[in-house]
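I have placed the structure first, in the form of structure tokens, so that the comments after it can refer back to it.
The values are calculated or read from the model by the stated rules, or taken from the named source; none is laboratory data. Owing to the predicted nature of the structure, the values given are computational and were not obtained by experimental measurement. Note: ideal-geometry Cβ built from the backbone for every residue, glycine included; neighbour counts use all protein chains shown. Note: accessible area is taken over every heavy atom of the protein model, side chains too, but ligands, DNA and RNA are not part of it. Shrake-Rupley method; radii C 1.70, N 1.55, O 1.52, S 1.80 Å.
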Amino acid sequence: MEISVPYNAVLDRIDYTSFDGELGIRSITGVASLEEAKTGDATFVASANFADELEKSAASLVILEEGLELQPKNGQLFLRVKSPAIEFAKLCELVAEQMWMRPPPGISPLADVSPAAKIDPSVTIEAFVSIAEGVEIGPDCVIGKGSVIAADCKLGEGCVLRSRVTLERDTVLGKRVRIHSGAVLGADGFGYEFEKGRHRKVPQVSCVIVGDDVEIGANATIDRGRLSPTRIGEGTKIDNLVQVAHNCVIGKHCILCALVGLAGSTTLEDYVVFAGYAASAGHLTIGAGAQLAGECVAYSDLEGGKKYGGSPAMPLMAYQRIRILTRRLPDLFKRVTQLESQLLKD
Amino acid sequence: MEISVPYNAVLDRIDYTSFDGELGIRSITGVASLEEAKTGDATFVASANFADELEKSAASLVILEEGLELQPKNGQLFLRVKSPAIEFAKLCELVAEQMWMRPPPGISPLADVSPAAKIDPSVTIEAFVSIAEGVEIGPDCVIGKGSVIAADCKLGEGCVLRSRVTLERDTVLGKRVRIHSGAVLGADGFGYEFEKGRHRKVPQVSCVIVGDDVEIGANATIDRGRLSPTRIGEGTKIDNLVQVAHNCVIGKHCILCALVGLAGSTTLEDYVVFAGYAASAGHLTIGAGAQLAGECVAYSDLEGGKKYGGSPAMPLMAYQRIRILTRRLPDLFKRVTQLESQLLKD
Amino acid sequence: MEISVPYNAVLDRIDYTSFDGELGIRSITGVASLEEAKTGDATFVASANFADELEKSAASLVILEEGLELQPKNGQLFLRVKSPAIEFAKLCELVAEQMWMRPPPGISPLADVSPAAKIDPSVTIEAFVSIAEGVEIGPDCVIGKGSVIAADCKLGEGCVLRSRVTLERDTVLGKRVRIHSGAVLGADGFGYEFEKGRHRKVPQVSCVIVGDDVEIGANATIDRGRLSPTRIGEGTKIDNLVQVAHNCVIGKHCILCALVGLAGSTTLEDYVVFAGYAASAGHLTIGAGAQLAGECVAYSDLEGGKKYGGSPAMPLMAYQRIRILTRRLPDLFKRVTQLESQLLKD
């Protein structure tokens, strides 16, 4: 599919301070990095360090910081902005809107939709989707191919389920929730009582509740609560292959990178960040704005507003120091041996 | 869907010693934690520490330990039991049975079922399920939406596949196996021979065999064996996003928490527990009842009946001690430096 | 399904030096390990250490190294070869070809295929598959049940998608790419700009490009690039539950074991190996032939041709030494305390 975004659409979307070069009536045909851009592509320059790459680049439209003393080549348009990264992201949104154009509303004849579901007429339901009784889907949602929505789920307006997403029963999504392919919300929490040599299943009878503007990555799993809901707060972003166990309560605007795992009943306050493989044991509270580095594991409550590393989690600076000292252990052992032999000699 | 479990059904299911309060002919309309319970809900009290919360709780039915000297409020029913957690789990089962009521038997007209499959008439097969030739499915199984069962799989009675489960060919499930959405059993083991600069695929021609009462989490992956089957023993419970590689043999009643990974040909004897991210290298034996803490990794055989931590796995107590000492490394370096300068001075 | 591979097919496929025993007109009915083999099965012997097991084995056909001084029993056929493992793998391929026999070409009447897709007549498209406009599928591909191929994807000849694979739009597969169930290629990269207290999505408008002969495991996730493609080089093998983030460029013939995670924009040169849970931070280069042990995490560029362990990654030998010394910390603390008290005494 050919991309073509007219310049005036770009100028409407972007907060630019000034522009240089040729405006014409042209269109962007794509976006690319400075070095990979072809004629017709838009790109951006983050700093004057990239002046040489810019000189060589074939890009037709360049977004750059207002202060940079660079000039457009023949046929090039420069848009000078305060925050190149943010403004370029807006431009990419224009391209993305064309790439993932909202499919027309309607229910595929190949979908299996309960007559007892309430579905806004603006909703798109694609092929091989199953929707059970009691489901309510708000305006402008897109339910992608092969997705499964079990009984009594509620979806706010503008949600997008890519392909093969499962929402188990009673899952609630806010507005504009975006879920990538293969994610599973509302599978049973992992709870058992050990009785007479066997693990007896503890029924998981609560649900998952997701706030507005949450994004959930491919093949991520968010388990339903046992007695109280598992909650994902507004604006939180969850990457691929993340595991959120039953009864977790995740605050607003948190970031959970790929392969993060949260054990049961853990609370993350707002603006918490877990880098890749970071994890938390169960029944803990991670304070607002805490940031866990990659592989950092919380085994006790963590105070908010701080950076942590290591397992068990400790302040990041302390962890980094210990990592360096650990590497110097061979030397330390030698020094101690030397001290011992010296003392002996004495 | 409204939940309504009559009190007499509750009394039939639970082993109670005595009850206090009003029996009437009422029903439970839900279960909840002490603080979240509304009128109509059942809850439980684990210890006298929760007396205050109980006082404030609106719960209609309360399960509590027989010894606790607490009395029901007006309209409340107390069931006194030996093991509140276990008895409350049974009550939750009653609710869960209503929530996930067995769908009526029959094959969805939107399923694709080989005429050469043998399917008990009591089986439920939902929409967009594919079942290949040679498959045998025992009584009372439920094959959830979008699941794929390849050739020659055998399922014992009472198995439940939630949505979008894949069983690759020759997979064998015992009785009452429960598999959550997105799990894949029987994908090829990851085996290659390096030959002339390329990785040549080693065919994986065995299968996966799963015992009775096993539960497997969402998006978990259990690979088929190369020459001999990958085996999951009776009563073992596997959480979300767990990887079990080819030829592993897992014993009975083991617990594998989320994001655990077992490399190829490893044996877990009975009652082994792997906490989150715990892992094992290949071709090892983990003895019966061994418990690996979170992130613990076995790089050699582990004796049964013990707790382990760290990587490589060591006895948990030793590991905890080393973790503490590691944090004191900055101090140790200082002490050694001091000793050195003192000796020099001397 | 009964397996039956005639001996002459075996002799055609395998590079044998000589054979001993009875050739007849028999067939192999399966492959198995030495101890599990039944009459009719083929097996292999890696070294003379297995002479006793061979003596007890019921295997009908045995592949063994040419130098071994072992003799066939009555009714047994021995094939002497240079590399038993490689030749046995070839024999297993014969069995695998029967087990996963190429389904007949054609589009299932239960698939949903855009008339604007170009599909070679030799392609097999199974039930509940969705194929969007602009897709091109080369000869002899098999698109397994429930898979989703979004707009403008291109698949080279001989690709196999097992069940429930998602290729998001613009994904390009080379020839003979094999993708296991539940894998997702081309989901959005995980990129946000933090603006006014919220995470603003950075559109991910590039794609995923996969080279020839790549294999990708069950429930693995390979995200689309932001501005430039995420690339997987020819012959690279990726295990289950691996995460490859946006803009990664993976070279040829690399190996990524289960639960590996690569953060964004990381480059792996050719022949790199990541064992289980090994990982890389973003924007790094891992040199050709570098091998990361299990759990090893690269936080800076790594030179090629070396083995690494630990986090942050260090040369494997150094890491192993440090692991040993770490275990001896309790002793070291004691020794330092002793030195201190001795000095004090002095």
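Does C:S181 satisfy being closer than 30 Å to A:L256 by Cα, in the same structural domain as C:L227 (by TED's automatic domain parsing) and of a type in the set (S, T, N, Q)?
Yes: the conditions hold for C:S181.
Does region C:36-45 contain any residue that is open to solvent by 20 Å² or more (accessible area, probe 1.4 Å) and either in contact with a Leu (Cβ under 8 Å, 6 or more places away or on another chain) or in a strand (DSSP E or B) (or both)?
Yes, region C:36-45 contains at least one residue that is open to solvent by 20 Å² or more (accessible area, probe 1.4 Å) and either in contact with a Leu (Cβ under 8 Å, 6 or more places away or on another chain) or in a strand (DSSP E or B) (or both).
Among the residues that make up region C:82-94, is at least one of them charged (D, E, K, R), over 19 Å from C:R176 (Cα atoms) and within 24 Å of the chain's Cα centre (by Cα)?
So far as region C:82-94 goes, yes, one or more of its residues are charged (D, E, K, R), over 19 Å from C:R176 (Cα atoms) and within 24 Å of the chain's Cα centre (by Cα).
Quick check on C:K73: is it touching a helix residue (DSSP H, G or I) at 6+ places or on another chain (Cβ under 9 Å) and within 30 Å of B:A132 (Cβ to Cβ)?
Spelling it out, it is not the case that C:K73 is touching a helix residue (DSSP H, G or I) at 6+ places or on another chain (Cβ under 9 Å) and within 30 Å of B:A132 (Cβ to Cβ).
Farther than 15 Å from A:A183 by Cβ, at pLDDT 95 or above and buried (at least 24 other Cβ atoms within 10 Å of the Cβ): does that describe A:L268?
yes
Show the residue pairs meeting these rules: Cβ distance below 9 Å; 6+ apart or different chains; first residue within region C:187-204 and more than 8 Å from chain A (Cβ to nearest Cβ); second residue modelled with pLDDT under 95 and in a strand (DSSP E or B).
Close Cβ pairs (under 9 Å, with a partner that is modelled with pLDDT under 95 and in a strand (DSSP E or B)) amount to C:G191/C:K201; C:F194/C:R200.
Please go through region C:305-319 and give me each residue that is on the phi > 0 side of the Ramachandran plot and either crowded, with 17+ Cβ neighbours inside 10 Å or assigned to a strand (DSSP E or B) (or both), ordered by number.
Within region C:305-319, C:G310 is the sole residue that qualifies.
With respect to C:S163, is the statement that it is in a loop (DSSP other than H, G, I, E, B) and within 23 Å of B:S181 (Cβ to Cβ) true?
Against the criterion (in a loop (DSSP other than H, G, I, E, B) and within 23 Å of B:S181 (Cβ to Cβ)), C:S163 qualifies.
Looking only at residues in region C:54-76 that are at pLDDT 90 or above and small (G, A, S), which one is most open to solvent (accessible area, probe 1.4 Å)?
So, considering only residues that are at pLDDT 90 or above and small (G, A, S), the one most open to solvent (accessible area, probe 1.4 Å) is C:A58.
Could you grab me the full set of residues in region C:266-283 that are in a loop (DSSP other than H, G, I, E, B), at the interface with another protein chain (Cβ under 10 Å from one of its Cβ atoms) and either over 20 Å from C:K307 (Cβ atoms) or not aromatic (F, W, Y) (or both)?
Matches in region C:266-283: C:D270, C:A275, C:G276, C:A281, C:G282.
Please find, among C:V160, C:V142, the residue that is open to solvent by less than 20 Å² (accessible area, probe 1.4 Å), under 22 Å from C:E234 (Cα atoms) and modelled with pLDDT of 95 or more.
C:V142
Go through region C:125-139 residue by residue and tally those that are more than 11 Å from every other protein chain (Cβ to nearest Cβ) and surrounded by fewer than 21 Cβ atoms within 10 Å (Cβ to Cβ).
Qualifying residue count, region C:125-139: 3.
Is it true that some residue in region C:104-117 is open to solvent by 10 Å² or more (accessible area, probe 1.4 Å), within 14 Å of chain B (Cβ to nearest Cβ), out of contact with any Leu (no Cβ under 7 Å at 6 or more places or on another chain) and of a type in the set (D, E)?
Within region C:104-117, none of the residues are open to solvent by 10 Å² or more (accessible area, probe 1.4 Å), within 14 Å of chain B (Cβ to nearest Cβ), out of contact with any Leu (no Cβ under 7 Å at 6 or more places or on another chain) and of a type in the set (D, E).
For region B:25-35, how many residues meet the condition of being modelled with pLDDT under 85 and assigned to a strand (DSSP E or B)?
The total comes to 0.
With the condition kept exactly as written, say whether any residue in region C:320-339 is open to solvent by 40 Å² or more (accessible area, probe 1.4 Å), out of contact with any strand residue (DSSP E or B) (no Cβ under 8 Å at 6 or more places or on another chain), hydrophobic (A, V, I, L, M, F, W, C) and modelled with pLDDT of 95 or more.
yes
Which members of region C:280-304 meet the condition of being loosely packed, with under 15 Cβ neighbours inside 10 Å and on the phi > 0 side of the Ramachandran plot?
C:H283
Among the residues in region A:289-307, are any within 12 Å of another protein chain (Cβ to nearest Cβ), free of Cβ contacts under 8 Å to residues at least 40 places away in the same chain and farther than 24 Å from B:V297 by Cβ?
Yes, region A:289-307 contains at least one residue that is within 12 Å of another protein chain (Cβ to nearest Cβ), free of Cβ contacts under 8 Å to residues at least 40 places away in the same chain and farther than 24 Å from B:V297 by Cβ.
Here are B:R200, B:R176: which of them is open to solvent by 10 Å² or more (accessible area, probe 1.4 Å) and in a strand (DSSP E or B)?
Step by step, each of B:R200, B:R176 is checked, and only B:R200 is open to solvent by 10 Å² or more (accessible area, probe 1.4 Å) and in a strand (DSSP E or B).
Give me the pairs, please: first residue somewhere in region C:88-101 and touching a residue at least 12 places away in the same chain (Cβ under 8 Å) and more than 8 Å from chain B (Cβ to nearest Cβ), second residue anywhere and surrounded by fewer than 18 Cβ atoms within 10 Å (Cβ to Cβ) and part of a helix (DSSP H, G or I), beta-carbon distance under 7 Å, and either six or more positions apart or on two chains.
Matching pairs, first to second residue: C:K90/C:R13; C:L91/C:R13; C:L94/C:A9; C:L94/C:R13.
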